[in-house]
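Structure, as structure tokens:
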Amino acid sequence: MLKHLLFFIIIGYSHLYYGQYADGNINQEINSTFERKLLAENSRLMYEGFLYDAEKIADKLLTYQPESPNYNYRKGYLLMEIYRDYKNAIPFLKKAVTNTIPHFDAFNTKEKSAPADAIFYLAQCYHYNYELDSAIYQYRSFIDHSYNKSELIPVAELKIIQCEEAKIQIKNPVKVELINIGEDVNSKYADYSPAVSLDGSALYFTSRRPWDNGQSESFKSPTINQYPEDVYVSYINVDSTWGDSYRLDFCLPERNEATISISSDERRIYLYEDSTGSGDIYYSDFYAQKFNDIKLFPLKGVNSEYWETHCVMNSSNSRFYFSSDRPGGFGGRDLYMCTKTDNKTWSEPLNLGSTINSENDEDSPFLAVDNTTLYFSSNGKKSIGGFDIFKTTLNSDDTWTTPSNLGYPLNSTNDDIYYTTTIDGRRGYFTSFRLNGHGEKDIYEVRNEFLGIKNIAVLKGLIRTIDKSPLPEDFEISMNLVCKNCEDEEIITKLYPRLRDGKFMSGLIPCKTYELSYLNLADSINMYTTEFTTACSDAYQEIYREVILDVPGKRIIPVKNYTIDGLVAEIKTFKNLQNVKIEVTDLNTNKIIETTTSDVNGFFSLSITKGMNYGDILNYQLKLSKEDYYTQNLVLKETLGDSEAIHLKYFLDKPIIGGDIASSFDILPIYFNFDQSNIRPDAKIELDKIVKIMNDNPNLEIEFGSHTDCRGSYAYNMALSTRRAKSSADYIKTRITNPKRIYGKGYGESKLVNGCECEGAVKSNCSEEEHQANRRTEFRIVKK
């Protein structure tokens, strides 16, 4: 940052200054002091950096001389420095530039003019407001009117280049959707530096909002009246909106803690903290169901006496990127990298070089899951104003491609910084100053297609307990992900499940075979190993693995992808039936949960096993219906086990007028005790089948016919069969809709099916089996 002689005041990343006034005292001072003394006090406060109090005095000065270029400059400058409120600063700075001089004496009470710097700040306001031609004109005017030693001249020259770049990019916008993520995350205070989890379910960020209990009130910055920085987290709701934000446990009301990045397993969060005076990188680890107190990051050579503002660790924990303004760089803040040389040793920090770093500032590095795509922000010549977000890719020889600006409107003419993405790269989050935001800085979501990660496979996984309770912290589990056919040697990546939900994620290389082992660390036991191969494609691809952890048994149960398919055919011809409607009812809730139809080949599939796991029980009823065929309701009850595929086969038959239902269904003969018509228990079983068939087919009408053999008188047999038919029909009538659909009729021995006649003088030589064939029951279809 530049230091201008009197008015270009450095506002540190999160430094605290100690002011002179409480609100009541300065208000009293303003109302009881004459103009000349107020001018001197305003100058002193601005020089010492107490801008919040200085703005109050500037407001009072303007009541004395509303058109004063001097006073209007002070107000416009303070609006910019404190709030970045360029929209409201413009009217004040336009009055200020009506009378400027190169050599401005802020403490001279006779000074009526504004400094030439007013022209620069007006140009900057126009720049932020997309009035690019006006901005260029004012930047050039500033260069012409400023004294030649002003440190703002090279800044103005850079800003002119950025304005020209902005013109080009605005004419060629990129296709993105930008969304302010709303008031559940963004408040009326500054909210910034997001770090999104790889699956997009959690967003960690920094906010300068007050604590609800008032504990942070006494620690507000006296320079610009802002609360200390704290770290918050918000989790995504089922409707894809962000939920309430929660402050993390390690935050202290008097201390600044700012988010930098999170590990892929969300067990470590990296932080910025400035209690050392220069600003350093810290971290906090998650255990005992919370993030614990912060610690100074111990990697040698990273933290220094200079300013380390941001960092990211790659997903394999082998490279660490960070930003620093230490001497020896290319200018301002540069990006550096440390490389892990073995299990315990790290290299000294290495500057990423002139391809990435410029004479200006580079900051907020973020590495995508492919470990080669690096996003960062720069305020150099390829920016369109302030910090812009850039992208570069690591080549195979460890060099970097020329960074590309992510384009307008993702980047604006104001600061756009702290870019972070989900695992596929299609959803990103960043900090920006934009009109109509909720506060000074807001967090925005960007949805896009062109930034999606390509030529990479991604492993997504889940470990859940057998009773679906949270993973126990005292059961240490990790995974070894081994690339079996990588060129140099087997690449081993250690993964740990996220404790809040058991999920884990990692990048993979296309066209490679991997072995994934689940380890019980406490007992050094490999509980389960699986293998998979990534596709040989440059398209983005995902591999998903889910297992169940049996904590007491200390074992892993693989989760299977259970499927159900079926075939429906005609029972007599075995012809496959098309357009059979299959309606699935959950017998636990008695609700219909799925409906489908058979295809041209009689096949169908069901999705009811989606999300089910080993040991789950299927308890469903399948209703099969087709015009001109019997409707059937069949129970599917099965426990999911080793076999992933369940194959069903069903047969349907056509009802025929005059035909017997028993020929289409598994119905046994109805038997009665000798010379009786009472319904026997075994007969009830068969009659209940008829009840079900008639309830499934509500238009079906049936005649229940009872027949005897020839033994006994003709009249007696007729009466006995009539009683039996009636009692059977009455049993069914009480159990079906519209009882008139069935009636009983006795036929006695009038319709023998064989030659076993024995009436009168005729004697039969038939066997008992032949007589039994005549003692039959029939369920004849009268109407279908």
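When Phe651 is tested against the conditions (1) in contact with a Leu (Cβ under 8 Å, 6 or more places away or on another chain); (2) part of a strand (DSSP E or B), the lone failure is (1).
Residues in region 500-526 that are aliphatic (A, V, I, L, M) and open to solvent by less than 30 Å² (accessible area, probe 1.4 Å) were compared, and the one that is farthest from the chain's Cα centre (by Cα) is Leu516.
Hey, does region 438-450 have a residue that's among the charged types (D, E, K, R), under 23 Å from Ser364 (Cβ atoms) and in contact with a helix residue (DSSP H, G or I) (Cβ under 8 Å, 6 or more places away or on another chain)? Yes.
Entry remark, region 155-190: residues being of a type in the set (Ser, Thr, Tyr) and open to solvent by 30 Å² or more (accessible area, probe 1.4 Å) number 1 in total. For region 710-728, filtering for residues that are outside any helix (DSSP H, G or I) and open to solvent by less than 10 Å² (accessible area, probe 1.4 Å) leaves 1.
Kindly evaluate Phe532 against the criterion of being touching a residue at least 40 places away in the same chain (Cβ under 8 Å) and either open to solvent by less than 30 Å² (accessible area, probe 1.4 Å) or in contact with a strand residue (DSSP E or B) (Cβ under 8 Å, 6 or more places away or on another chain) (or both).
no
Are any residues in region 223-261 among the small types (Gly, Ala, Ser) and either in contact with a His (Cβ under 7 Å, 6 or more places away or on another chain) or open to solvent by less than 20 Å² (accessible area, probe 1.4 Å) (or both), and if so, which ones?
Listed by number, the residues that qualify are Ser234, Gly243, Ala258, Ser261.
Might you check whether a residue that is of a type in the set (D, E, K, R) and in contact with a Leu (Cβ under 8 Å, 6 or more places away or on another chain) occurs anywhere in region 242-265? The answer is yes; a qualifying residue exists. Take the residues in region 333-365 that are open to solvent by 30 Å² or more (accessible area, probe 1.4 Å) and within 22 Å of Ile269 (Cβ to Cβ); name whichever of them is modelled with the lowest pLDDT. Going through the qualifying residues, I end up with Lys340.
When residues in region 95-139 are screened for being buried (at least 16 other Cβ atoms within 10 Å of the Cβ) and charged (D, E, K, R), 4 of them pass. Can Asp682 be described as assigned to a loop (DSSP other than H, G, I, E, B) and of a type in the set (Asp, Glu)? Spelling it out, it is not the case that Asp682 is assigned to a loop (DSSP other than H, G, I, E, B) and of a type in the set (Asp, Glu). Looking across region 366-402, the residues that are open to solvent by 20 Å² or more (accessible area, probe 1.4 Å), over 19 Å from Phe330 (Cα atoms) and hydrophobic (A, V, I, L, M, F, W, C) come down to Phe366, Leu394. For region 403-421, the set of residues classified as part of a loop (DSSP other than H, G, I, E, B) and surrounded by fewer than 19 Cβ atoms within 10 Å (Cβ to Cβ) consists of Pro409 only.
When the test is whether a residue is charged (D, E, K, R), part of a strand (DSSP E or B) and surrounded by fewer than 22 Cβ atoms within 10 Å (Cβ to Cβ), Asp285 passes it. Evaluation of Ile224 against the conditions (1) at pLDDT 95 or above; (2) over 19 Å from the mean Cα position of the chain (by Cα); (3) under 27 Å from Phe387 (Cβ atoms) shows that the sole unmet condition is (1). List every residue pair whose Cβ atoms lie under 7 Å apart, where the two residues are 6 or more positions apart in sequence or sit on different chains, the first residue falls within region 204-218 and is closer than 16 Å to Ser187 by Cα, and the second residue, located anywhere, is among the aromatic types (Phe, Trp, Tyr) and crowded, with 24+ Cβ neighbours inside 10 Å. These pairs meet every condition: Phe205/Tyr192; Thr206/Tyr192. Scanning region 729-784 for residues that are part of a helix (DSSP H, G or I), in contact with a helix residue (DSSP H, G or I) (Cβ under 6 Å, 6 or more places away or on another chain) and surrounded by 16 or more Cβ atoms within 10 Å (Cβ to Cβ) returns Tyr731, Ile732, Lys733. Within region 425-448, restricting attention to residues that are farther than 18 Å from Ser234 by Cβ and among the hydrophobic types (A, V, I, L, M, F, W, C), the residue that is modelled with the highest pLDDT is Phe433. Does Ile525 satisfy the criteria of being over 26 Å from Thr420 (Cα atoms) and in contact (Cβ under 8 Å) with a residue 24 or more places away in the chain? Yes; evaluated as a whole, the condition is true for this residue. Against the conditions (1) within 30 Å of Ser727 (Cα to Cα); (2) surrounded by 13 or more Cβ atoms within 10 Å (Cβ to Cβ), where does Asp666 fall short? Just the number, please. Against the list (1) within 30 Å of Ser727 (Cα to Cα); (2) surrounded by 13 or more Cβ atoms within 10 Å (Cβ to Cβ), Asp666 comes up short only on (2). Picking from residues in region 288-326 that are of a type in the set (Lys, Arg) and outside any strand (DSSP E or B), the one that is most open to solvent (accessible area, probe 1.4 Å) is Lys300. Each residue in region 441-474 was checked for being surrounded by 19 or more Cβ atoms within 10 Å (Cβ to Cβ) and charged (D, E, K, R), and 4 of them qualify.
The set of residues from region 278-293 being under 11 Å from Tyr306 (Cβ atoms) and without any contact (Cβ under 8 Å) to a residue 40 or more places away in the chain comprises Ser278, Asp280.
Could you please find all residues in region 681-717 being in contact with a Gly (Cβ under 7 Å, 6 or more places away or on another chain) and under 13 Å from Phe665 (Cα atoms)? Within region 681-717, no residue meets the criteria. For the condition modelled with pLDDT under 90, under 60 Å from the mean Cα position of the chain (by Cα) and surrounded by fewer than 19 Cβ atoms within 10 Å (Cβ to Cβ), Asn678 does not qualify. Set side by side, the residues Glu177, Glu164, Glu151 differ, and just one is closer than 25 Å to Ile423 by Cβ and acidic (Asp, Glu), which is Glu177. One residue alone among Ser727, Ser750 is closer than 23 Å to Lys689 by Cβ and small (Gly, Ala, Ser), and that residue is Ser727. Of everything in region 140-154, what is touching a residue at least 12 places away in the same chain (Cβ under 8 Å) and open to solvent by 30 Å² or more (accessible area, probe 1.4 Å)? Give them in sequence order. Selection gives Arg140, Ile143, His145, Tyr147, Glu151.
Quick one: which helices (runs of 4 or more DSSP H) lie wholly within region 55-135 and hold at least 1 residues that are free of Cβ contacts under 8 Å to residues at least 24 places away in the same chain?
69-78, 86-96
Scanning region 572-607 for residues that are of a type outside the set (Ser, Thr, Tyr), in a loop (DSSP other than H, G, I, E, B) and buried (at least 17 other Cβ atoms within 10 Å of the Cβ) yields Leu577, Val580, Gly602. For region 478-489, residues that are open to solvent by 10 Å² or more (accessible area, probe 1.4 Å) and hydrophobic (A, V, I, L, M, F, W, C) total 2.
The values are calculated or read from the model by the stated rules, or taken from the named source; none is laboratory data. Remember, predicted model here, so these are calculated numbers, not experimental data. With ideal geometry, Cβ positions are generated from the backbone for all residues, glycine too; neighbour counts draw on all protein chains shown. Please note that ligands, DNA and RNA were not included when accessible areas were found on the heavy atoms of the full protein model with its side chains. Shrake-Rupley method; radii C 1.70, N 1.55, O 1.52, S 1.80 Å.
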